[in-house]
1. Let me confirm something: among ASN324, ASN312, which residue is surrounded by fewer than 18 Cβ atoms within 10 Å (Cβ to Cβ) and either aliphatic (A, V, I, L, M) or farther than 24 Å from GLN187 by Cα (or both)?
2. For residues that are at pLDDT 95 or above, buried (at least 20 other Cβ atoms within 10 Å of the Cβ) and of a type in the set (A, V, I, L, M), scanning just the stretch 218-263, find the one that is nearest to TYR341 (Cα to Cα).
3. Select from the stretch 100-146 the residues that are closer than 27 Å to TYR336 by Cα, surrounded by fewer than 16 Cβ atoms within 10 Å (Cβ to Cβ) and charged (D, E, K, R) and list them in ascending order.
4. Which residues, counting only those in the stretch 491-513, are in a loop (DSSP other than H, G, I, E, B) and in contact (Cβ under 8 Å) with a residue 40 or more places away in the chain?
5. Across the stretch 190-217, which residue is surrounded by the most Cβ atoms within 10 Å (Cβ to Cβ) among those that are hydroxyl-bearing (Ser, Thr, Tyr) and farther than 30 Å from GLU474 by Cβ?
6. Please go through the stretch 230-240 and give me each residue that is in contact with a strand residue (DSSP E or B) (Cβ under 6 Å, 6 or more places away or on another chain) and either among the aromatic types (Phe, Trp, Tyr) or in a loop (DSSP other than H, G, I, E, B) (or both), ordered by number.
7. Please find, within the stretch 271-289, the residue that is nearest to LEU463 (Cα to Cα) out of those that are of a type in the set (A, V, I, L, M) and at pLDDT below 95.
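The values are calculated or read from the model by the stated rules, or taken from the named source; none is laboratory data. Just so it is clear, the structure is predicted and the values come from calculations on it, not from any experiment. Neighbour counts run over all protein chains shown; Cβ positions are idealised from the backbone, glycine included.
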Amino acid sequence: MKYIRRTNFVDLVSVSMNRNSPLSIWHSRSRLGIVCASLTVLLALLNMFNDTQQQRDSSVVKHSRTFADDMDYVLETLQYMYDLQNGHAEIRGIVEKPKEVQEYWRCRLKEPEVILDHGWLENDGLFLYSATYDRRANSLFPLNHVIQVLAMSYRSIPSTQKVFCNIRDMENGKNAHVEGTVREIWQRAWDPRDLFYVPNLITCPIPRRMHDSENLTVELTFSVCSSSSLALRVNKRNTPKSGRKGVAGMDFMKDISKRFVEWIEAQYLMGADTITVYTYFVSNETQQVLDHYSNNGMLNVIPLDLPGESPNQNYLRSEFIWRNRQQKRRHELIPYNDCLYRHIDTHEYILIVDIDEVVVPLKRDTWIEMLHDVIGDSLKYEVTSVSIRNAFKFPTSHTDNTVPAYMYMLRNRRMSQEISKAGDYGKSFTSTKSVATVFNHFALHRLHANVSRTIYAKKEVALKLHYKERCPVESRKECTNLEKVTIDDKSLDRFADALIQRVTATLKKLSML
């Protein structure tokens, strides 16, 4: 080494070297070029790693909270609960006021690279599940058809946050960038906390020039003139079957294949003409039952999983669902409302029930006849929903041994003497003409004003038999009475012979007898 001198905080180093020294690259253009290329590749890799890390960090920051944030959240929630008890809490409206279509022109929107018919995809932190073309009259955009997008967000979308819809006609490449409207499918009075994935209905007005388009896609974004590579195909049915009445039943997870056959046949016996079932994971025998009815055109089976960072490995997902009751309640509202929108053009009513529930008309043979009696011809306003009172049927040792062992519902003849109050545990026939969203017990958002409130059928007209394994926690004060004070249930007696015949025939076809 000849010298080392410090000048203005910069070290200048001069060393003697021979041709074979590694540092001789400075005297070789080819070696210098190789080193430059290597450094360029290295820098590119480091930049990619840095971008990925920043995305992960931003995702963590998006869900992270400070102690002050947590305290504000707790205090605001407690204040809301206090206001609710005193009758001063804000309740979200269920009918929207008219809006003008806000369309943004001269946006250069990219064509989506991936298009899904339904199922979870992410747009700007929103998890989209399905999109449906809705031509029904509505108060929100009275002059336009709309696209109804079902989506989940982590926490509530602030009322000040705008959401934009990219609507593209895939046949001619034309598009529209419009402002959407968010309706949270939840009322804070049910649970004011929002540290959950929250269900939303996002309504996108369709410009009138696109009303005749047959192949539309939609994306959602929080930024004006922004686009995504992922989009949902808009489900559009062109042949509405007005006047046809039917019911869609749903929500299936448990592995009870023989009971499932009895449940399906009971729904059809009471008057259903379509059953749609959403499944997470089922056993091989249950899948065999699903395939049988699906292949015969009697059942629509929709595979289901969870959005975002929720677990989707079968066992973990099942544990997560049943251990996180409040999140489960919110997750369920997506398939409930997807069921509604799958049938808005084909049915006048839908009925959302679990596989341990069956609605029994007590004075008529079918649901449709029963609904006609309940609704009548004198209503001033359009129907939204007809609620059926709940009757619990818990497991009992007093079974009817004259009935085959595989007929679980018919063998259990004991029913709680006390019928649930109107609105408690009931299930509703919901009108597809007047309802924008549904909760699991009743219609929630209305398409327009001047519609009726929920109609409650008298317990002498119909009952919803609820075959619960145990008394629900919400009724713990009444559980002893509900479980111990029972009466003989004869509501299914007149359907018994036909139901046994249908179930027996199906189980034999499936080699389950």
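1. Numbers: ASN324 fails: either aliphatic (A, V, I, L, M) or farther than 24 Å from GLN187 by Cα (or both).
Going through ASN324, ASN312 in turn, just one is surrounded by fewer than 18 Cβ atoms within 10 Å (Cβ to Cβ) and either aliphatic (A, V, I, L, M) or farther than 24 Å from GLN187 by Cα (or both): ASN312.
2. Result: VAL234.
3. Within the stretch 100-146, ASP117, GLU122, ASP124 qualify.
4. Result: SER491, LEU492, LEU510, MET512, LEU513.
5. THR203
6. VAL234, LYS236
7. This residue is ALA272.
Yes/no matrix, rows are residues, columns are (1) in contact with a strand residue (DSSP E or B) (Cβ under 8 Å, 6 or more places away or on another chain); (2) of a type outside the set (A, V, I, L, M, F, W, C):
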{"residue": "TRP263", "(1), (2)": "yes, no"}
{"residue": "ASN300", "(1), (2)": "yes, yes"}
{"residue": "GLY308", "(1), (2)": "yes, yes"}
{"residue": "ASN314", "(1), (2)": "no, yes"}
